[in-house]
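Accompanying notes for the structure given below.
The values are calculated or read from the model by the stated rules, or taken from the named source; none is laboratory data. Being a predicted model, the structure only gives us computed values, none of them experimental. Quick reminder, even Gly has a Cβ in these numbers, built from the backbone with ideal geometry, and neighbours come from all protein chains shown.
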Amino acid sequence: AQRVTQPEKLLSVFKGAPVELKCNYSYSGSPELFWYVQYSRQRLQLLLRHISRESIKGFTADLNKGETSFHLKKPFAQEEDSAMYYCALSVPAGGTSYGKLTFGQGTILTVHP
Amino acid sequence: DTGVSQNPRHKITKRGQNVTFRCDPISEHNRLYWYRQTLGQGPEFLTYFQNEAQLEKSRLLSDRFSAERPKGSFSTLEIQRTEQGDSAMYLCASSPSRGTDTQYFGPGTRLTVL
């Protein structure tokens, strides 16, 4: 069965510092990887997905199949980045469509002024 | 608001009672998912629907849990004979089911079983 591990429950940085939130996964096939974010008193929302290769709010994440990792990075953290971040994995549920998400435990990022 | 909605937002019940939650997905979305989230954990998959068909159920979904999506639109999740261990946030998400699709989450229903 697939598994997602986020080794840090808490991460604190100062504004302007680089930040990296770690995510490792276990799955033998070709998963799709996501980062979801939950800001205070808001619903869970997609931050980015590996197939898009986009940079959202200055965040990037590269899928490393050799290390089975999908770490989230931002060169200069901002106070508004403070939130809970979840790494998630999706595998083919059948046919060509992807189904359920398997989430990590989450990392609370706090960016201090 | 065209996002996923869930009702009620909070539910407090006594052990042994039955509860039912409702999820209204984004209107054109064919797939609907239910997840459960306990304190300090990420969401865990419970079940999902493609239109009205329930395609997969997690082993977390005991016999006391049942989910329906009768007309392929809104969905209900019922828990019978609630136990204190059922206390959690129940999340609903929907996606348009074309290729690899983003899931859009609702605000959740927080269940407290006393």
Revision key, fill the gap. Scanning region B:1-58 residue by residue, those within 12 Å of chain A (Cβ to nearest Cβ), of a type in the set (Asp, Glu) and more than 30 Å from residue A:5 (Cβ to Cβ) turn out to be B:1
Practice item. List the number of the failed condition for residue B:57; all other conditions in (1) surrounded by fewer than 14 Cβ atoms within 10 Å (Cβ to Cβ); (2) basic (Lys, Arg); (3) under 15 Å from the mean Cα position of the chain (by Cα) hold. Key: (1)
Check your understanding: Within the bounds of region B:74-85, is there any residue that is closer than 26 Å to residue B:14 by Cα, surrounded by 14 or more Cβ atoms within 10 Å (Cβ to Cβ) and in contact with a Gly (Cβ under 8 Å, 6 or more places away or on another chain)?
Key -> yes
Point to revise | Odd one out for residue A:41, checked against (1) in contact with a strand residue (DSSP E or B) (Cβ under 7 Å, 6 or more places away or on another chain); (2) under 22 Å from residue B:43 (Cα atoms); (3) not polar (S, T, N, Q) | key: (1)
Practice item. Return yes or no: is residue B:61 out of contact with any Lys or Arg (no Cβ under 6 Å at 6 or more places or on another chain), within 13 Å of another protein chain (Cβ to nearest Cβ), without any contact (Cβ under 8 Å) to a residue 40 or more places away in the chain and of a type in the set (A, V, I, L, M, F, W, C)? Key: yes
Practice item. Would you be able to say whether some residue in region B:97-105 is away from every other protein chain (no Cβ under 11 Å) and more than 11 Å from the chain's Cα centre (by Cα)? Key: no
Revision key, fill the gap. Residue pairs within 9 Å by beta carbon, gap of at least six or interchain, first lying in region A:73-89 and more than 14 Å from chain B (Cβ to nearest Cβ), second assigned to a strand (DSSP E or B) and among the small types (Gly, Ala, Ser), listed first then second, are A:73/A:61
Practice item. Looking at (1) in contact with an Asp or Glu (Cβ under 7 Å, 6 or more places away or on another chain); (2) within 11 Å of another protein chain (Cβ to nearest Cβ); (3) farther than 25 Å from residue B:107 by Cα, find the lone condition where residue A:48 falls short. Key: (3)
Study note, to complete from the structure: How many residues of region B:2-31 are at pLDDT 95 or above and either closer than 12 Å to residue B:95 by Cα or within 14 Å of the chain's Cα centre (by Cα) (or both)? The answer is 15
